[in-house]
Structure formats: C-alpha cells, structure tokens
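Visitor: Just dropping this structure here.
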Amino acid sequence: MDKATYIFMVFFFIGCSSNYTPKPRGFFRIDLPKKEYQKSDLNCPFIFEYGQYAEIEKREEHCWFNVQYPELNGTLHMSFKKVKNNLNDHINNTHDLAYKHSRVAEGIIEQPYQNHEKKVFGIVYDFEGNTATAMQFYLTDSVHHFVRGALYFNTEVNDSITPVSDFLKSDIYHLVDHWEWK
C-alpha cells in the first residue's frame with residue numbers, strides 16, 4: 001500500500017470517530033422599540049391608543065384601517081361595522097374567522113373583555129402555535145358599533161417571531177384597554 005493511501009485511511013478512520021452534532025439555526029436579533037403610545041386621530045366613532053412606532057393606513061371603507069408596524073413586519077387589520085339588529089351575526093362571523101385557524105393552532109384562548117364604564121365589550125382571541133394570525137378580537141358597545149381586529153405578520157410564521165408577536169400582543173391589549181366610543 002502506498003503512503004498516500006495509508007494516510008487517507010488513517011484520516012478516514014480518525015475523522016469518522018466523533019458524532020456529528022447539528023447546530024440550531026440562528027435568527028436575527030430583533031430590537032424592539034420603546035413602549036410609547038399616541039391617541040388615534042380618525043374621523044370615526046371611536047378613539048384608541050396605539051404605539052408611536054406604528055402608522056395608520058386608511059382603507060376604502062369608512063373607518064376601516066390598518067395599523068402598520070413597519071419595523072416589526074406586522075399589520076393589525078381593523079374593520080368597523082354599524083350594528084343594525086345584527087350584533088349576533090357580527091359576533092358569529094368573528095368567531096368563525098378566528099376558528100378557521102384552529103386546524104393549525106396549538107390552542108386558542110378566548111378572553112372576554114368588559115368595561116361597563118366605557119361601554120366596551122368583546123372577546124380577544126389569543127392564538128398559540130405557528131398560525132397566520134397571532135391575535136384577533138372584537139369590541140362593541142352592544143347597540144351601535146362593532147369593531148374587529150386581526151394581527152398578521154408579513155413573513156413566514158415560525159418561532160423566531162415569538163418576541164415580536166408577544167410585543168404586539170401587549171400593544172393590542174393596550175389598545176383594547178384604552179378603547180372609547182365617541
């Protein structure tokens with residue numbers, strides 16, 4: 001056996017003696033902005049507070065808008081409906097839209113919300129797992145107004161967006177807590 005073959009065989013047996021350990025994929029570090037809020041300035045029958053790092057983008061229908069989070073690659077889609085003896089239809093539609101994600105979600109936590117002083121009532125749907133939406137909700141005064149919101153990310157959903165998702169979920173809770181009908 002020649003010298004090159006002998007060296008190759010030695011390296012082959014020595015090199016294969018250790019177990020391969022796969023390395024986890026790394027994700028980019030995300031710097032989250034400081035929590036500071038501002039009041040909405042829309043010509044709508046409600047006001048709320050949202051993050052100063054967000055932008056409101058109006059849509060064609062009256063009081064439909066998106067709260068854009070450009071640095072965090074997320075959008076809170078908001079739609080407004082007047083209640084005309086059809087509150088249950090709006091609530092059922094929101095429930096159906098939320099539970100379309102139940103096949104993928106590891107869990108959906110329904111959190112009722114009530115503020116009798118401000119006449120704001122609703123449900124917040126908090127999704128667990130890799131779903132297209134992280135959170136949805138509706139708010140109503142039970143008589144005249146109904147608002148639905150849904151948070152989506154403009155990226156593939158995976159564990160790397162969990163810090164951003166948690167950050168924006170706390171923003172949505174703030175929005176809900178500071179919602180007022182005019």
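Visitor: Within the stretch 68-106, can you find the residues that are among the hydrophobic types (A, V, I, L, M, F, W, C), touching a Ser or Thr at 6+ places or on another chain (Cβ under 7 Å) and more than 20 Å from Cys44 (Cα to Cα)?
Guide: Scanning the stretch 68-106 gives Val104, Ala105.
Visitor: What are the pairs, 6+ residues apart or on separate chains, where a residue within the stretch 155-170 that is farther than 14 Å from Pro33 by Cβ has its Cβ under 9 Å from a residue that is of a type in the set (Lys, Arg) and not in a helix (DSSP H, G or I)?
Guide: Every condition considered, the pairs that remain are Ser160/Arg25.
Visitor: Under 7 Å between Cβ atoms, which residue pairs at least 6 apart in sequence (or on different chains) link something in the stretch 117-130 that is at positive phi with a partner that is surrounded by 15 or more Cβ atoms within 10 Å (Cβ to Cβ) and assigned to a loop (DSSP other than H, G, I, E, B)?
Guide: Lys119/Asp141; Gly129/Ala105
Visitor: If you go through the stretch 30-68 one residue at a time, how many are outside any loop (DSSP other than H, G, I, E, B) and touching an Asp or Glu at 6+ places or on another chain (Cβ under 9 Å)?
Guide: The qualifying residues number 13.
Each row is one residue, and each column tells you yes or no for (1) among the aliphatic types (A, V, I, L, M); (2) in contact with a Pro (Cβ under 6 Å, 6 or more places away or on another chain); (3) surrounded by 13 or more Cβ atoms within 10 Å (Cβ to Cβ).
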{"residue": "Pro70", "(1), (2), (3)": "no, no, no"}
{"residue": "Thr94", "(1), (2), (3)": "no, no, yes"}
{"residue": "Ala98", "(1), (2), (3)": "yes, no, yes"}
{"residue": "Ala105", "(1), (2), (3)": "yes, no, yes"}
{"residue": "Phe127", "(1), (2), (3)": "no, no, yes"}
{"residue": "Asp141", "(1), (2), (3)": "no, no, yes"}
{"residue": "Phe146", "(1), (2), (3)": "no, no, yes"}
{"residue": "Pro163", "(1), (2), (3)": "no, no, yes"}
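Throughout, read-outs are computed from the coordinates displayed, never taken from laboratory work. Computed from a predicted model, the values in this text were never measured in an experiment. As a convention, Cβ positions derive from the backbone with ideal geometry for all residues, glycine included, and neighbour counts pool all protein chains shown.
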